[in-house]
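The values are calculated or read from the model by the stated rules, or taken from the named source; none is laboratory data. Given the structure is predicted, the values throughout are model-derived calculations rather than measurements. Here the Cβ positions follow ideal geometry from the backbone for every residue, glycine too, while neighbour counts run over all protein chains shown. Keep in mind that these areas ignore ligands, DNA and RNA; they rest on the heavy atoms of the full protein, side chains included. Shrake-Rupley method; radii C 1.70, N 1.55, O 1.52, S 1.80 Å.
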Amino acid sequence: MYTPGYKGLVTLPPLAWVTVFLIVPYAFLFCFSFWTVQSQTIVHHWTLSNYRALLSNAVYLDVLLRSVRIAASVAAFSLVLGFPLAYYVSFRAAKSKNLLYQFVIIPLWVSYLVRAYAWKTILGSNGVLNTLLEYAGVIHQPAGLLLYSPFAVTLTLIHIYTPFAFLPIYAALEHIPRQLVEAAHDLGASSSRTFWTIIFPLAMPGVLAGATFAFVLSLGDFLAPLLLGGPSGIMISNIVVSLFGAAYDWPLGAAVSLVMLLLVVALITGTERIEKKLSFRGVSE
């Protein structure tokens, strides 16, 4: 229908955009990770010293493991909150479906910084939560553990990224044929059995996509740990920002960034394969 010249002309701009703003920066990042810094000067000498420093320094490994733990916790709790909400909106809320959907989307219109500072106000020593706990007699003085801790970072990220887990789950639930659910009930299946044998397996691609979104976005987040984490809540992205900023160790920062990139690519590849297997199984059944 279209000539090869027209196809090439249409394809060229996006390919050029991806090459200039994605592939080329990644190539520079790859090269920088094998260079070194001497006397505040980047030396173009190829070496594996940055990766050896990353693997041998316990600080980087501890922060990386902490980041993975926080991201995994955010993904898990986002699914725990997002799946029941998506299920209710898709299957139970009839007339109010669109309204409830908009309520989930509206927080995404609010600035990230505003939501992060809101949690900083809530969890602060003189914040809303401490005031309520003191008024209820649960505590007698402000609890300092609420703010500037991994708990504060995890809670804030759960609030921010739960909508990103909700959306793919809701889309997967909306694509489930309602005739399958009705047929299961007609054959005598209970609501719980219908859910576990039909609804949940067909919604698994959305669950995997939502978990991947929440995990990847949380792993790469640096503002929430910066604002609410404190020394014990620093994540690997804050290390990268520091290495590219005040520390002026771009090669080591590039090495850390590449390790994070490989981790994310491996996760996405794995979830994509699992999703394809589940989709193929659903079609075959």
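Each residue in region 67-101 was checked for being surrounded by fewer than 19 Cβ atoms within 10 Å (Cβ to Cβ) and among the polar types (S, T, N, Q), and 2 of them qualify. Of the residues screened, Leu55 is one that is in a helix (DSSP H, G or I), among the aliphatic types (A, V, I, L, M) and open to solvent by 100 Å² or more (accessible area, probe 1.4 Å). Among the listed residues Leu208, Leu202, Leu226, which satisfies the condition of being free of Cβ contacts under 8 Å to residues at least 60 places away in the same chain, assigned to a helix (DSSP H, G or I), among the aliphatic types (A, V, I, L, M) and surrounded by 14 or more Cβ atoms within 10 Å (Cβ to Cβ)? The match here is Leu226. Entry remark, region 229-252: residues being touching a residue at least 24 places away in the same chain (Cβ under 8 Å) and either under 20 Å from Cys31 (Cα atoms) or buried (at least 21 other Cβ atoms within 10 Å of the Cβ) (or both) number 12 in total. For region 234-267, residues that are within 17 Å of Asp221 (Cβ to Cβ) and under 17 Å from the mean Cα position of the chain (by Cα) total 12.
Only residues that are assigned to a helix (DSSP H, G or I), open to solvent by less than 60 Å² (accessible area, probe 1.4 Å) and either at pLDDT below 90 or among the charged types (D, E, K, R) (or both) were counted in region 130-180, giving 2. Residues that are modelled with pLDDT under 90, among the polar types (S, T, N, Q) and over 30 Å from Thr194 (Cα atoms) are absent from region 88-97. Exactly one residue out of Ile122, Ile105 is touching a residue at least 24 places away in the same chain (Cβ under 8 Å) and β-branched (Val, Ile, Thr): that is Ile105.
The set of residues from region 22-43 being surrounded by fewer than 10 Cβ atoms within 10 Å (Cβ to Cβ) and either touching a His at 6+ places or on another chain (Cβ under 7 Å) or without any contact (Cβ under 8 Å) to a residue 40 or more places away in the chain (or both) comprises Gln38, Ser39, Thr41.
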